[in-house]
1. Consider the range 690-724. How many of its residues are in contact (Cβ under 8 Å) with a residue 24 or more places away in the chain and under 43 Å from the mean Cα position of the chain (by Cα)?
2. State which residue pairs qualify: first residue in contact (Cβ under 8 Å) with a residue 40 or more places away in the chain and inside the range 60-76, second residue part of a helix (DSSP H, G or I) in any location, beta carbons under 8 Å apart, and separation of 6 or more residues or different chains.
3. Can you say whether residue 760 is part of a loop (DSSP other than H, G, I, E, B) and farther than 14 Å from residue 686 by Cβ, as far as the supplied structure shows?
4. When the residues of the range 778-799 are filtered to those that are outside any strand (DSSP E or B) and at pLDDT 95 or above, which remaining residue is nearest to residue 848 (Cα to Cα)?
5. Give me a count of the residues in the range 138-177 that are assigned to a loop (DSSP other than H, G, I, E, B) and either in the same structural domain as residue 490 (by TED's automatic domain parsing) or closer than 15 Å to residue 69 by Cβ (or both).
6. Are any residues in the range 210-221 touching a helix residue (DSSP H, G or I) at 6+ places or on another chain (Cβ under 7 Å) and either over 21 Å from residue 304 (Cβ atoms) or in contact (Cβ under 8 Å) with a residue 40 or more places away in the chain (or both), and if so, which ones?
7. Within the range 603-636, can you find the residues that are part of a helix (DSSP H, G or I) and either in contact with a helix residue (DSSP H, G or I) (Cβ under 8 Å, 6 or more places away or on another chain) or surrounded by 16 or more Cβ atoms within 10 Å (Cβ to Cβ) (or both)?
8. Quick check on my filter: what residues within the range 454-499 are surrounded by fewer than 24 Cβ atoms within 10 Å (Cβ to Cβ), closer than 26 Å to residue 204 by Cβ and in contact with a strand residue (DSSP E or B) (Cβ under 6 Å, 6 or more places away or on another chain)?
């Protein structure tokens, strides 16, 4: 299924240029004038669907926003005019049907279809009218999508209200005279779940609307329509009941064409909060079935003729398991009784009422044990609450007539630690998992938990756009960022903003803010904490430059969509690294320990300042409450009652200066770890041409004067010493052109005048011909996308997913529903050339995306070998059960670190060139990084930086 072929400035990745909008005239033969010195009037049939009236109003509002000229809206044609916009629904609009009857408009491509539309110009559509721009929908949403597609093309972002995206002003608007026929959506139902909505969304709604009433929901419904969505699980946290909290909510949803359902644990159009109001007794079907059936009947009666999807089944009260085990016969009886109620109340065959059975958490156990439902019921699979799909249909079940859906998460309250505050979802991960789902037949319902709605704007857009067109490929993802940025801020800086957004979401997705700790990033190894902060500094500077360059009208939108997440995440990481340094430096008796204690407090207060700005100043306080979620100081899955600063330590520092030092990667001892007072550097070699630092620190309050010099002239130092208050780093490197042939070591001398330390500078000159990735002190680190050779199979090929993962990008086989492969000659594989400098017993640590065993078999596999050894099969799920509500440790680690690590041992290898080979066995395995441990791997969160590469450009 192709994506919409209308040329949208917002989504050119998917566009085929058949229809366009411009602010410049060309000639009358090719353009319809929507606005010049006046706005073209809008005509629709008063007897058409209510949604047509609503979208006619949207179009008039949008034209006025863009041009300052407002069209007149009419339900009756009258008077002569040279041009007119006519909108309507096939079979519901007499205007459209008359054009069809007269042969002026053909709707055969869309007649009877789901959510399709036609846009074309028609000459002399009716008496007195020379020409009309006609937007005809196959149904009411098709009409609305056609109208709002025109609005988007004019320059009105779907996020104009919810994110203050500036309207792109034009003096005139011209529409090309082309006939455009849209395709239907890839996924039938596409929507969002407002959930976990206190304190942020709740505080904002109560301040601005009083309650979750129809006026609030009108804003939500409009956003959904502008994103071509049609489905909603309304907010339901206590005490929330969509259908009764405002009697107009249901009718308003129907007017807007939004299909209302209830969440995975709220059967029969009843909301969780209603049971306590109903005073129905125990939520237990074995002991209280009559009262529950009575309660459920009321939900179906209230639903009436409103377009809905009825949730079936039953979970325990309060979103818990219904029982300790899987009571399959009981659940089958519950669903049968529910369907009997639906038939009785509606008076229609039960299959005419859309229904869904959600396999959330323990409910999936029923499905795993063979329970199936009637063929007309949609089966809703679920992720693990962390964006990892738990199960997909078996190929023998693909013909299930009711179809399949997926419940996905951008927000979650639960283990191992809730994540609710900022967007921590990479659209690349959404693409990979939902593409996997789509190719395995999940094509009927996509819904995602978006928490408070803000600040999930980008992933919401992507999720809904991808649901509209699931043909998007991995290579399109960078373009999606650029198109989305252009949609919000204009095209001038869209490429730069796109790159900033991609990096920002990568950094935030490495580990949720709620789970960052002072020791998350290593202070000792691979300069990890330093590199993380430097990356945030660079990103912040780039974002600041864009912010300052933007028009004033775009700055509020840019701040909330792009800059604020970067600024506050940078500050948060600075706080935790400062807290980590405070603890470590206190143990090392550094004078700077107290400085980092103060810095931790400063960053903690800065976090509050940034949130106050977001609430009080941004957009004149429009978004007050939206950053109110506590996010610092988690000790369990539940949010802390208040933000709590990381623990800090103050030490009593002697007045007299005293010298201490740390050698980067220097071997430690039992008493002095992390290179503290190490007497030797790691080995230097001319191939890697390393630079290591010697960090000199002061243990007193008085300034420390120190000197550092090398005994040998071929050792280069970035400094010869100086006076310091706290610490500074001296870089040590080698001028290899001056090293005598037989020399294997040198010496650096460090002194404060009273004490003197000598540190060895060992050398090694490997006798190898280097090629590929080069070992450095016992480690080779390779990003999966930087292969030296790639072999595709006859029916399977490798796909690079740009930006996916913690460090670079990722590789995965496609199609995602491919048959398993054997690691034989010609099978899909990746190869990586690397060089060892010494003999070593080698272990390969493969870093994979945390994909679950969605096939529910023995587990997903890949094959791996070095050189000509027999490929060994690695099962990434070996010894692991599917995660359940008890949160097994392997799963906690996987979602906490956002990575899955698998080791394979490859025995003793000689110095020189080797080839790491990785074969695709099962689809769905996503490779991010390979770390070859030749005895030197050190602990870190992200792993070592990629090794130096020798040879041709990859």
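1. Qualifying residue count for the region: 8.
2. These pairs meet every condition: 62/151; 62/154; 63/154; 66/154.
3. no
4. Among those residues, the one meeting the criterion is 784.
5. Keep residues of the range 138-177 that are assigned to a loop (DSSP other than H, G, I, E, B), which gives 138-139, 155-172, 177.
Retained after the next criterion (residues that are either in the same structural domain as residue 490 (by TED's automatic domain parsing) or closer than 15 Å to residue 69 by Cβ (or both)): 155-156, 167, 169-172.
Count: 7.
6. The answer is 211, 216.
7. If the condition is that a residue be part of a helix (DSSP H, G or I) and either in contact with a helix residue (DSSP H, G or I) (Cβ under 8 Å, 6 or more places away or on another chain) or surrounded by 16 or more Cβ atoms within 10 Å (Cβ to Cβ) (or both), then 603, 604, 606, 607, 610, 611, 614, 615, 618, 619, 621 are the ones that fit.
8. Result: 456, single match.
The values are calculated or read from the model by the stated rules, or taken from the named source; none is laboratory data. On a predicted model such as this, the values are computed, not experimentally measured, just so you know. Here the Cβ is made from the backbone with ideal geometry for all residues, glycine too, and neighbour counts use every protein chain on show.
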